[in-house]
Structure formats: C-alpha cells, structure tokens
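The values are calculated or read from the model by the stated rules, or taken from the named source; none is laboratory data. What you are looking at is a predicted structure, and each value in this text was computed from that prediction instead of being measured. Heads up, the Cβs are rebuilt from the backbone with ideal geometry, glycines too, and the neighbour counts pull from every protein chain shown. Note: areas computed on protein heavy atoms with side chains; ligands, DNA, RNA excluded. Shrake-Rupley method; radii C 1.70, N 1.55, O 1.52, S 1.80 Å.
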2 protein chains.
Amino acid sequence: MIPREKHDRMANAIRFLSMDAVEKAKSGHPGLPMGAADIATVLFTRFMTFDPKSPDWPNRDRFVLSAGHGSMLIYSLLYLLGYEDITLEEIKNFRQLGYKTAGHPEYGHAAGIETTTGPLGQGLANAVGMAIAERKLADEFGSDLMDHHTYVLAGDGCLMEGISQEAIALAGHLKLNKLIVFWDDNDISIDGAISLSDSTDQVTRFEASGWNTISIDGHDPDAIAEAIERAKTSDRPTMIACKTTIGYGAPTKAGTAKAHGSPLGAEEIEGVRAKLDWPHEAFDVPSDVLDCWRLAGLRSTKERKAWEEKVEQADAGQRAAFVRRMSGELPGGFDSAIDEYKKKLAEDKPTVATRKASEAALNVINGVVPETLGGSADLTGSNNTKTEHTPAITPDDFSGRYIHYGIREHGMAAAMNGIALHGGLIPYSGGFLIFSDYCRPSIRLAALMGIRVIHVLTHDSIGLGEDGPTHQPVEHLASLRAMPNLLVFRPADATETAECWQLALESEARPSGIALTRQNLPAVRTSYIEENMCAFGAYDIAPASDADVTIFASGSEVEIALEAREKIEAAGHTTRVVSVPSFELFEEQTEEYKEAILGNSPVKVAIEAGVRQGWDRFIGNDGIFVGMSSFGASAPYKELYGHFGITADAAFEAVEAKLESLAGDAA
Amino acid sequence: MIPREKHDRMANAIRFLSMDAVEKAKSGHPGLPMGAADIATVLFTRFMTFDPKSPDWPNRDRFVLSAGHGSMLIYSLLYLLGYEDITLEEIKNFRQLGYKTAGHPEYGHAAGIETTTGPLGQGLANAVGMAIAERKLADEFGSDLMDHHTYVLAGDGCLMEGISQEAIALAGHLKLNKLIVFWDDNDISIDGAISLSDSTDQVTRFEASGWNTISIDGHDPDAIAEAIERAKTSDRPTMIACKTTIGYGAPTKAGTAKAHGSPLGAEEIEGVRAKLDWPHEAFDVPSDVLDCWRLAGLRSTKERKAWEEKVEQADAGQRAAFVRRMSGELPGGFDSAIDEYKKKLAEDKPTVATRKASEAALNVINGVVPETLGGSADLTGSNNTKTEHTPAITPDDFSGRYIHYGIREHGMAAAMNGIALHGGLIPYSGGFLIFSDYCRPSIRLAALMGIRVIHVLTHDSIGLGEDGPTHQPVEHLASLRAMPNLLVFRPADATETAECWQLALESEARPSGIALTRQNLPAVRTSYIEENMCAFGAYDIAPASDADVTIFASGSEVEIALEAREKIEAAGHTTRVVSVPSFELFEEQTEEYKEAILGNSPVKVAIEAGVRQGWDRFIGNDGIFVGMSSFGASAPYKELYGHFGITADAAFEAVEAKLESLAGDAA
C-alpha cells in the first residue's frame, strides 16, 4: 500500500505539470488531468504492467485516454514514469510545433501513447478492439504469451457520443472481461453542467449492455484500488463510475466548466499551489516525488523479463509465429499464393461481381495469412467477407476469425483500429460503401495514425440498383479520396481485386478501403501479368500510341470504357483506355510515368458512376466526364445506368461531339 | 373496438401487398411489413390522426418508419388508407424507375412519407426532432394549433446504431412525452439471430435514458392498443417493446433471416396464403377489407376540420404568423435587416473571426426571424451560435430557442432534419467542421430530401491551431462539396458571412454548411454593395483586366490571396483575386459568367487551407495550388500556416517560378 500522503503528492505532480503546461502553452485542458490524477496514480503505480524501457512489450497492459483533450495526463504520466520520449522539455513545449506533446495524444509521437484520441468516444471503441485482440491472441498463443488488461479513461463526452453505445454493446456481448473503463464522472461539459443536455443513468446503461459496474469516489485511492481489484475478477467488462471534481484543487474554478478547456490563469494557479500545499516552481517536481514515480516505472520490469523467458521457452514454431505476427510482417507464401491465384484467374476469366471476387481472393489470403481477422456490420452475405477459414468468434469461444460486429459501422471501424494498434492481427471488415459515412471519423483516425486496417466497401455505386439513393454512394469515392493517407481502391475485375487486396495487406502504414460492386463484371484483365499493375494506381489496360482519345475509368466503368473504345475506334479514332484502381498510388509514381499515363490525347474522358470531383486531375477541367451529378434512384441497375447516361453510347456521343468541335476550331 | 377477425384481415392486407410487391420487384424486404402489420394496423386504425385528403395538415400525427427497408409497410398503408399518391399501380411497380415506391421511403415522393429512411437509426432521431418541433410550436402557438404525437417504428438495426443512443438520450432528457417508439423486437438481423452480435437489454437501456417502457406481444391488437393508451398518458417518451415474428405467416421462413431482405419465392408465398387464409390473387385486396381501411382513412377528417376552425378563430396575428411559419416563407423585414447590417459592416470594417461574425449576423437574424432554433453540440462558446434572443430550452420549459444538444453531433443533425421536416422552425446548429464527419449520414439525408437545415461549422482549418490534426479539417471542405445538393459556404469576412447566412436561410430546399474560422480575419469587403455577392459563388474581389495571374481563394485564405496579389503586382504582373465562397452556387451561374470568372490568365492559383481536390475546376490540372496535402499539426496557427507553406510569400514564389518557366517556354 502506498501511504495517502505519498499518493497525494504523486497525484499532485500530475496536476501541476498539467496545469503549468497548459498555462505556458496558453491553451489546453487542465480540468481532466487534475480531476483524474488520483485514478491515474493508483492505476499506474499499483496495477498497470508496462515498462518504459521496453514500451512495445507486446504483453503490456494498454491504457487509452479516450478523453484525449486531457492529453497532459498522459504526457505527465510518461514523463514521471521515465519514458524517454517525453522529457520535461517536451512538457514545457506542450502544443508547440515540432514537439511530441501535441494538443491531443498522437499515436507514433511517443512510446506509451497507444492510440490517437481527441474525437470523443473513439478511444473507448479502440480499447474494445484491443481487448478483442488480446483475447484472440491469448486463445491462439496461450496466456503465457498474451494475458493483459486494457484500461480506458472516458469522459462524459465519450459516453454521449453514439459510438460509445456501439462499443459498449459489442464489449458486453463478447464478454471482454479484461476491459476496464473508468468513467470520469465530473458532471461538467464545455457548455456547463451535464444536466444542460443529459440525464442518462450511465451505470444502468452499461449494465443493460452486460457490463459489471462499480461506483466510487474518484479521489479516494483505496476505493479506486479496490474497484480495480474487483473489476479484474469479473467475467464481464467493468465500468468504474468515478465521481470526480474537474480541475480538482483549483480554488474557484474546480467543479466548473471554467476548468475544462482553458489555462487557469496566474491567480488561480497560485491558489492551487496554496490549496494543495505545493510550494514549487512551475515544472518543478520535487525529487522525492519524482523518485517515487520513477520507481513505479520499474514495477513491471521483472514481469516483462519473465514474459520474455516464456517466449524463449515456447515451442519454436509458436514463438516464430508470435514474433512475426507482432512485427506486422506478412508470412512467406503470401506473394506466391496471390501469384498462383492470378494465373488461375487469367485462365478462368470469370465474370463475377467484385464483391464475390473479393471473397475468392480472401479465400486464398485467409488460407495463408493466419492473422487476418474478418467481420462485417451485419452484411456478411452481401459483403462476402467470410470464408471457410474464418468461423465466427462467439462470446465464449475466440478460436474463430470473424466478428459479427452487428449494425455498428462506427464501433466496428474504431474497434478495427484498436485491433491493428494492438498488433498481431490484421483486421478487415465489411460494410456498404455508403455507410463509410457512418464510420468516417474512425477511418480518418486510422489514416492519421497510419495503421493497417482494411475496409471492404461493397455496393459501390448506383449499380446496387433497387435499394435506391439512400444506399447508392455517389460522392463517397471522392470524399474518401480527399482524405490524406488513405488508400482507396476500386478494382475493375477479379484480377484487379486480387491485386488490390495484395496492396492493402502490404500497406503496413496505411488503411485501405476497397470499393466493390454488387453487380457482375466481365474480366478486363485477360492475360497473366506477374507485376501488380494496380500498384501503379493507373495503367494502360488498352494501350494505343498517339491516341485521339484517352478514356480513364475505374471499377465497373472500365467495362463501359472498353465498350466505348470499340465504338470510337470503329468511327476511326485511336482510343486508349486507362484503368484507375487507385488515385493515391498513381500520385506516388514518377513524374515521367504520370505524364505518360495522362498523355496528350486531344480528347480525354473519365467514366465513373460517382461525382466528377477529383477526375479533373486526369482529364483537365475541359475533359468529358461521364458519371453522376446528383443522387441516384431506385430501379434495376441497368436501367439506372441508362437513366443517368453512364453508357458506352453516351461516352461515344460525347467524344464524337468533342472531336467535331475540335475539328471545327481547327478549320 | 375493431373485432379481431377484422383486424387480422386488415393486417393481412398489408402483409400480402408487401409480400407480393417484393416478389414482383424481385427485391425488397417482406419480413418487416409482415411482422409489424399488427402494430401498424392498430396504430393507423385507432390512434393516428391524419387525413389522406389533407396530408400536409400541420397538426397531424407523424409516423416515421425508422426501419426504412420495410418500405412496403408504408406504401401498403398509404394505398389502403386512400392517399392519392400511392395507387395500386405504384405498388405493383415497387422499386421501378419513375415510380414513387422507391426501395426505401423517400420524402417528397408521396404525401404521407414524413422523412426519408433506410440508413438505420436516422428515422428515430428525425422523430426526436419532430417531437421537439411539436413541443416548441405548442409552447409558442398553444395546444389549439399544435398538439400531436410522433410515432416511430424502429428495428434492431436502428437500436444498434450509435445514433440511437444520442437520440434516445436527448429525447429522455427533454422529456418528449409525445414521442412513442415501437421497437420491432423480432430477434433477427441480416446475419441471422440477433444473439450473433448483441445481448443488450433494450428496455433497461431506454429506462436508463429516462424513458417509459412497455413490453407486449406485437401481434396482440388489444395489447398494442392498451400500450399506446398508456404511452399517451406518460410524462416521458415511451418505448413499446413489441415481440414480433419477422415474416409473420410465412410457413418456413417466418422468424428467420430468410424473411428479411429477399422475395419469399412462389412456393413460400403460396404457403402464406394458405396459412393466413387469404385465397386472393396477388395485389387483390378484397373490397370489404379495402373498405375498412378506406373508412379508417377518414377517421380524423372531423378532427382536421375542427382544427382548421380553431386556426380561423385564433388571434389574427397569431394565425398569420403560424401560417407563414408553416409555409416556410421568411418574414418581411429579413432582407432589409441584413441590408442594414451590411451597411454597418462596410463602415465598421471589423477584424474578426468569421465564427464571431456569424454570431453578429445571427444577432440580426434571430431578432427578425422568430423561427430560427439554434443549438450546438456542446461547443456553444466556440461555435458562437447562441444570441440574446435564444435562451436555452429546458426539459420543463420550451419557451427558449436554443438546444444544448450535448456531445451528439449525429443525433443533433438528424434531429435538425426532423425539426425542418416538421415545419414551422428553421434549425441551425453548431459544431467543429472536423466533426461534420460524425454527422455526415444525416447531412446527406438533408441534402437528399432537400430541406433547410443550417450547420455552423467552425474551426474550419489548421487555423484552429494547437488542438492539432485530430481537430483540424483538411479534407472536409472537399468531402462536403462532393455531396450533391448541399450548399457549402466559406465566407472570407464579416460581410461575406452575413451574405452566406442570408443565402442559407433563403435556401428553402437545400441544407447548408457554413465553414467559419477560429482566427481573426480582416475585412476584405470594404465597401457596401447592395447585391449579395456570395450568391454568385465566386466573384472578383480584386478585379483586373487581362490579368497575368488570377488567384482564387476562399475564407481565411482570401486575405492571403490579397497579400500575394500585392507582392505579385509589385513585381510587375497584373493580378486578379476571386473570392470563392461557394462552389455550388458558382456552378449555377450562366456559362458566360463562369467563363469570365475562370478567365484566361496564364497563371492560375488557388489558395485554401485544405486539400486540392475540387480546385482543378478553377485552376486546371496545371494550376498552382497553395494548401494542404497532409494532415495538420499542433501549434499556434500562424506557425502552422508558415510550416505548411500557406502564405503570401509561398504563393508569390510559386507564381514567379511559373511565370519564369512560361517565359522560358515562350523564348
């Protein structure tokens, strides 16, 4: 047991570092770190297993600050515990350019930051994914290699966001009993008292989702410790409702919204120093307190070493598999399996919907890549994400490799982020492209963090037909392509689908979205090419030198482009077709390659059953675009393509008109 | 009381119409209409007030099919009740091109469809908005003019989506006791049994959010009726958990996922006819049953007429205000108030953040437009959406004009849709631009429906500074501009902000998003112009004929463009600056206007602190873009602008380089 006075001084070190850093930065959120300092102190000095000298230790406990605005809590902890990345210099330069101590905690900036948080509710849902990963790996590799807890600190904002419901329902359903959430119940949000906008009984709400709950005074170290002890024995995930005071210690601002998101000000800060008996300068942590913290930082060294011995003692094959899996490296045999499969496709030339082609590719992939963990937001039969290798995980059996995420796109995407962040697994899952909107904040965070999650996005245009405009994406390809660091793939046939899957899996530091059709498509790649052509982002699928016309198209519209080409060539104009499976990869090619692909055809056309935005890059602002400029409609898909003029005939006519007008100009 | 046999036959009429229409369309969802037919029959024949001959009657009860895939339930009801828009011909052409009976119910296609649903959870949250609107208007105009219920049919999918939590928490908090939700508790989702993915105790969950709950057999008409009676007496919103059988009546598929989303097939359909004793042809509703339904369609005629009399008898001013408000027409005095305000701005030339300028504009608007209903997702002080005219609504007092929506962007946006759909109010609300991602599905539905909701989206770029990349939108302008039928505004100063507000309010059939800065901006419109220049979408803010260089910019970057212009002109090159507050309105101008704005400058530049996507329309794919190509960073904003090269110097240098290269080419 840590004596109360010592605890208080350790917790106060967090409070003052946080408060002083915010003051110096002239912006930030002092209230949460001051209010949650007791919880964090108990957790990190008595329970968490971690090792600042080996921060990536795979079996460490995970801590997620879901209420990411309280970033100074993490930075204070990391500094105090002795993580090298976060020095006092870093803390003094909180929120400044070039420092690791960003406004909100960012994964990759410093060891010990397990995920990027700030957008509320995301961290909680990430943690659900981490707990899933832990349990899955424990099932696979045994508790000697994998056996840790995942802790979350969530605020009222996290719990008000809808994603929290998806996350807690999923965690409760899967009985993730090593997930422990502290709710920082401080009754305050930015606008003022929580009672301005909420009356939810959060404890009952969590219980309704199958959680164990415990309610405590969040400033009582013994109560906190006892609650964690109890939580660790539960067969369900636990939510510990911690009644706290935001800005604890601030004489006039504690317990008010004024402590939430602004510096406290010199006068108030003096008041805190007096009130908490902390007669030290800003950023000055007394050596006795720092020593205690640094000692706490060494707590799990022995445990970590013991774990490393267990790894050494493990079966050689098991050990090698575990090490490879945690490193993120794909298994040998992956490339050759894809290559064999591409050869078969070149022979079979299947006419198939790309969502089905994706299933076939997954059948190959899941056979050779044991770390894939599939799923769908209740569209398994439509997304075709489940293969023979991926039986479903159930609450009582994690030997499966597939998660029925339920109708929870947002929770799913955020959990996938957590699974990827945990390591050892590659999460992929399915939804309709239209519903990428439901989980866009999580896709964005995956892109910002640079992690490998793969979203299978089927029913990717008006080609889905009768479900109508509520289900027909028209702007989604553009809006996803607008996002930095996200790979958006739109393959045109089974071969391109296999290549895109290969690229997505190989993209260790980027998330991918693979847009796939509901409707059948013919093979457009009819001969075997060893090289992954989709890796170029755009490539000649029907080459021609000095082409009068170049048609760029993606996915289901490559077929239309090839048809249009025949018509245009029949009318005497050399025509080239470029398949564009990925804008992002195209932009990464050499300038020479890009210029060659863009070419010099007097007439340039793009065909895509989506909006024009983005295609001007290929066709210029005077190019011909054959696509959508409005929402879709409800009808059989072939009628819709006709209705919206996305046909080879329409492309042909537009090209003819343009060629005539150019001839007129020249005459 | 309706005898049981009669009830059954009436409910079966829904079942068979739905089943047969799905069969004929070869796609659709028979399971829900068959399972919920009893609920719908009791509701529409005994409780709902509505009038097929006067479907827009403002005081009608609202019915929202949140589980929109069950669209045939609504179409069957509307046909049976005698709504003119939905004929038998329409039902026979379910999901076909040019018919009103789209795959999912679409607002505007037919009277009686109160909102577009299909994306799950949206309808439930729309209904919360409708109930808010009802209560607000009842407070304002009295219960003689406004006193109705809002009913919702929600499925498991609606309740699994996170938006449902935001909606029910808000409804429970505001004590919306005239909101009654039927939960179609059929234990089935697309993937199979609900138990595959969910273990939530929904009744307890709703109770935790302050709801009244009742659990019944959803096939027992008397239990349904009794539950509705009880619900209507509650002082809280009510959730009626109705245990139902999906595909009720189908001999082998009832109660299974097979009844959910595909035609039942000829054999099964024969089985249903035998089981439910319905020896009629497809689409043949026996006249006695149709007569009963048509009679039910007349139930509220008297009530509607009595209400019209009350309107006639109301105080003339009150009546005129009510009629105007429900018509959606803006009050006289609005334009002149904006005009006066613009004159004042031209004199004052304030240097101010556009979020503050928006507050000042709202101060003018809220004074003359009593139907605005403001709000924020817990960022009131940051979004600046609250003015002196808009005290907050509280659970017990709806005299206010402002809603503390809580940290619930998605629920807020969907509720705003419901408020707008209800009529009588113009909802606007606030969030950070980055969090438009959290509510994108609802913004999209507003665009699809063509309704007037206004999203104030502040902190619109890296200009927000220290909060860092999790809070800095870079792709959001592009991704919102990609969406059809949404007006995206990005004003450059206080005058443009006022003009954009005017345009947003005047856009009766389109939603708007107004992107606003956190940081201060100088006045760039320094003299009074009566015309609303932003209505052109793009216009010369610094004209020049035969300009060597044209710079296009929006929002905070117009200032930078003007600075760059000075530098470029100083170097001897005529330079023109175009402010681009709205891409969408620009595209609606005449070809001549657009050509003139795009112009023929040899060098074209666009400056926006976001991604390039979309700007090629203005500058061509060889133009100079000064903006972002990655996520942002955490630092004071001026440093960030320097760091990311979004400065007048950077623009100047790029222009110089380009001019030199052009001169080189020409030489």
Inset, instruction - Identify all residues within the range A:524-560 that are open to solvent by less than 10 Å² (accessible area, probe 1.4 Å) and without any contact (Cβ under 8 Å) to a residue 24 or more places away in the chain; write none if there are none. - result: none
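Looking at the range A:426-434, is at least one residue aliphatic (A, V, I, L, M), more than 9 Å from chain B (Cβ to nearest Cβ) and free of Cβ contacts under 8 Å to residues at least 60 places away in the same chain? Don't jump to the end; show me each part of the working.
At the first step, the residues of the range A:426-434 found to be aliphatic (A, V, I, L, M) are A:426, A:433-434.
Subset that is more than 9 Å from chain B (Cβ to nearest Cβ): A:426, A:433.
Keeping just the survivors that are free of Cβ contacts under 8 Å to residues at least 60 places away in the same chain gives none.
Within the range A:426-434 (the criterion being aliphatic (A, V, I, L, M), more than 9 Å from chain B (Cβ to nearest Cβ) and free of Cβ contacts under 8 Å to residues at least 60 places away in the same chain), the answer is no, since none of the residues qualifies.
Filter the range B:569-605 down to residues that are of a type in the set (S, T, N, Q) and open to solvent by 40 Å² or more (accessible area, probe 1.4 Å), then give me how many there are. I'd like the intermediate steps shown before the answer.
Taking the range B:569-605 and keeping what is of a type in the set (S, T, N, Q), we get B:574-575, B:579, B:582, B:589-590, B:600-601.
Narrowing further to those that are open to solvent by 40 Å² or more (accessible area, probe 1.4 Å): B:574, B:589-590, B:600.
Adding up the residues that qualify gives 4.
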Inset, instruction - Output the qualifying pairs, or none if there are none: Cβ atoms under 7 angstrom, residues six or more apart or on different chains, first residue in the range B:134-146 and touching a residue at least 60 places away in the same chain (Cβ under 8 Å), second residue in a helix (DSSP H, G or I) and surrounded by 22 or more Cβ atoms within 10 Å (Cβ to Cβ). - result: B:Glu134/B:His422; B:Met146/B:Glu134; B:Met146/B:Leu137
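Of these, B:Glu496, B:Glu466, which one is within 14 Å of chain A (Cβ to nearest Cβ), out of contact with any His (no Cβ under 6 Å at 6 or more places or on another chain) and among the acidic types (Asp, Glu)? Give the derivation first.
Working: B:Glu496 fails: within 14 Å of chain A (Cβ to nearest Cβ).
Checking each option against the conditions leaves just B:Glu466.
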Legend entry - Identity of the residue in the range A:499-544, among the aliphatic types (A, V, I, L, M) and part of a strand (DSSP E or B), that ends up nearest to the chain's Cα centre (by Cα): A:Ile514
Inset, instruction - Looking only at the range A:346-377, count how many residues are open to solvent by 10 Å² or more (accessible area, probe 1.4 Å), part of a loop (DSSP other than H, G, I, E, B) and either within 23 Å of A:Glu531 (Cβ to Cβ) or not β-branched (Val, Ile, Thr) (or both). - result: 3
Legend entry - the range B:186-197 residues that are within 10 Å of A:His404 (Cα to Cα) and part of a helix (DSSP H, G or I), paired with ones that are among the small types (Gly, Ala, Ser) and open to solvent by 20 Å² or more (accessible area, probe 1.4 Å) (beta carbon under 6 Å, 6 or more apart): none
Inset, instruction - Evaluate the following for B:Ile180: is it within 13 Å of chain A (Cβ to nearest Cβ) and either open to solvent by 50 Å² or more (accessible area, probe 1.4 Å) or modelled with pLDDT of 95 or more (or both)? - result: no
Inset, instruction - Kindly indicate whether any position in the range B:561-568 is part of a loop (DSSP other than H, G, I, E, B) and either surrounded by 20 or more Cβ atoms within 10 Å (Cβ to Cβ) or over 29 Å from the mean Cα position of the chain (by Cα) (or both). - result: no
Legend entry - Residues within the range A:493-514 that are surrounded by 24 or more Cβ atoms within 10 Å (Cβ to Cβ), out of contact with any Leu (no Cβ under 7 Å at 6 or more places or on another chain) and among the aliphatic types (A, V, I, L, M), tallied: 0
Inset, instruction - Examine the range B:403-419 for a residue that is within 27 Å of A:Gln122 (Cβ to Cβ), at the interface with chain A (Cβ under 8 Å from one of its Cβ atoms) and assigned to a strand (DSSP E or B), and state whether such a residue exists. - result: yes
Inset, instruction - State all residues of the range B:216-245 that are over 17 Å from B:Tyr151 (Cβ atoms) and within 14 Å of chain A (Cβ to nearest Cβ); if no residue qualifies, say none. - result: B:Asp235
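Can you tell me which of A:Ile2, A:Ile14 is within 20 Å of A:Asp277 (Cβ to Cβ), away from chain B (no Cβ under 14 Å) and not in a helix (DSSP H, G or I)?
Details: A:Ile14 fails: not in a helix (DSSP H, G or I).
Result: A:Ile2 is the single residue among A:Ile2, A:Ile14 that is within 20 Å of A:Asp277 (Cβ to Cβ), away from chain B (no Cβ under 14 Å) and not in a helix (DSSP H, G or I).
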Inset, instruction - Test A:Gly118 against the criterion of being within 25 Å of A:Ser287 (Cα to Cα) and within 19 Å of the chain's Cα centre (by Cα), and give yes or no. - result: no
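Do we find that B:Glu475 is within 14 Å of another protein chain (Cβ to nearest Cβ) and under 26 Å from the mean Cα position of the chain (by Cα) in this structure?
yes
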Inset, instruction - Considering every residue within the range B:591-609, establish whether at least one is within 22 Å of A:Arg481 (Cα to Cα), within 11 Å of chain A (Cβ to nearest Cβ) and out of contact with any strand residue (DSSP E or B) (no Cβ under 6 Å at 6 or more places or on another chain). - result: no
Inset, instruction - Within the range A:418-425, identify whether any single residue is closer than 26 Å to A:Lys136 by Cα and over 15 Å from the mean Cα position of the chain (by Cα), and answer yes or no. - result: yes
Inset, instruction - Within the range B:104-114, work out how many residues are within 11 Å of chain A (Cβ to nearest Cβ) and open to solvent by 10 Å² or more (accessible area, probe 1.4 Å). - result: 3
Legend entry - Scope the range B:381-392; condition within 14 Å of another protein chain (Cβ to nearest Cβ) and open to solvent by 10 Å² or more (accessible area, probe 1.4 Å); matching residues: B:Gly381, B:Ser382, B:Asn384, B:Lys386, B:Pro391, B:Ala392
Inset, instruction - Working carefully through the options B:Leu480, B:Leu445, B:Leu433, find the one that is crowded, with 24+ Cβ neighbours inside 10 Å and out of contact with any strand residue (DSSP E or B) (no Cβ under 9 Å at 6 or more places or on another chain). - result: B:Leu445
Legend entry - helices (runs of 4 or more DSSP H) wholly inside the range A:84-162 containing at least 1 residues that are touching a strand residue (DSSP E or B) at 6+ places or on another chain (Cβ under 6 Å): A:122-141, A:156-160
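Check whether at least one residue in the range A:29-49 is in contact (Cβ under 8 Å) with a residue 40 or more places away in the chain, in a helix (DSSP H, G or I), within 12 Å of chain B (Cβ to nearest Cβ) and open to solvent by 10 Å² or more (accessible area, probe 1.4 Å), and report yes or no.
Filtering the range A:29-49 for residues in contact (Cβ under 8 Å) with a residue 40 or more places away in the chain gives A:29-49.
When the remaining residues are screened for being in a helix (DSSP H, G or I), the result is A:31-47.
From the residues that got through so far, the ones that are within 12 Å of chain B (Cβ to nearest Cβ) too are none.
Within the range A:29-49, none of the residues are in contact (Cβ under 8 Å) with a residue 40 or more places away in the chain, in a helix (DSSP H, G or I), within 12 Å of chain B (Cβ to nearest Cβ) and open to solvent by 10 Å² or more (accessible area, probe 1.4 Å).
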Inset, instruction - Return a yes/no flag: does the range B:198-210 have any residue that is of a type in the set (D, E, K, R), more than 11 Å from chain A (Cβ to nearest Cβ), over 13 Å from B:Ile39 (Cα atoms) and open to solvent by 10 Å² or more (accessible area, probe 1.4 Å). - result: no
Inset, instruction - From (1) in contact with a Gly (Cβ under 8 Å, 6 or more places away or on another chain); (2) over 22 Å from A:Ala446 (Cβ atoms); (3) buried (at least 24 other Cβ atoms within 10 Å of the Cβ), pick out the condition that doesn't hold for B:Pro473. - result: (2)
Inset, instruction - Considering (1) surrounded by fewer than 24 Cβ atoms within 10 Å (Cβ to Cβ); (2) touching a helix residue (DSSP H, G or I) at 6+ places or on another chain (Cβ under 7 Å); (3) in contact (Cβ under 8 Å) with a residue 40 or more places away in the chain; (4) in a loop (DSSP other than H, G, I, E, B), say which one A:Ile338 fails and leave the rest. - result: (4)
Legend entry - Filter result (at pLDDT 95 or above, surrounded by fewer than 16 Cβ atoms within 10 Å (Cβ to Cβ) and part of a loop (DSSP other than H, G, I, E, B)) within the range A:637-667: A:Gly645
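Taking the options A:Thr117, A:Thr101, A:Thr150, name whichever one is buried (at least 24 other Cβ atoms within 10 Å of the Cβ) and either among the charged types (D, E, K, R) or away from chain B (no Cβ under 14 Å) (or both).
Details: A:Thr117 fails: either among the charged types (D, E, K, R) or away from chain B (no Cβ under 14 Å) (or both); A:Thr101 fails: either among the charged types (D, E, K, R) or away from chain B (no Cβ under 14 Å) (or both).
Of A:Thr117, A:Thr101, A:Thr150, the one residue that is buried (at least 24 other Cβ atoms within 10 Å of the Cβ) and either among the charged types (D, E, K, R) or away from chain B (no Cβ under 14 Å) (or both) is A:Thr150.
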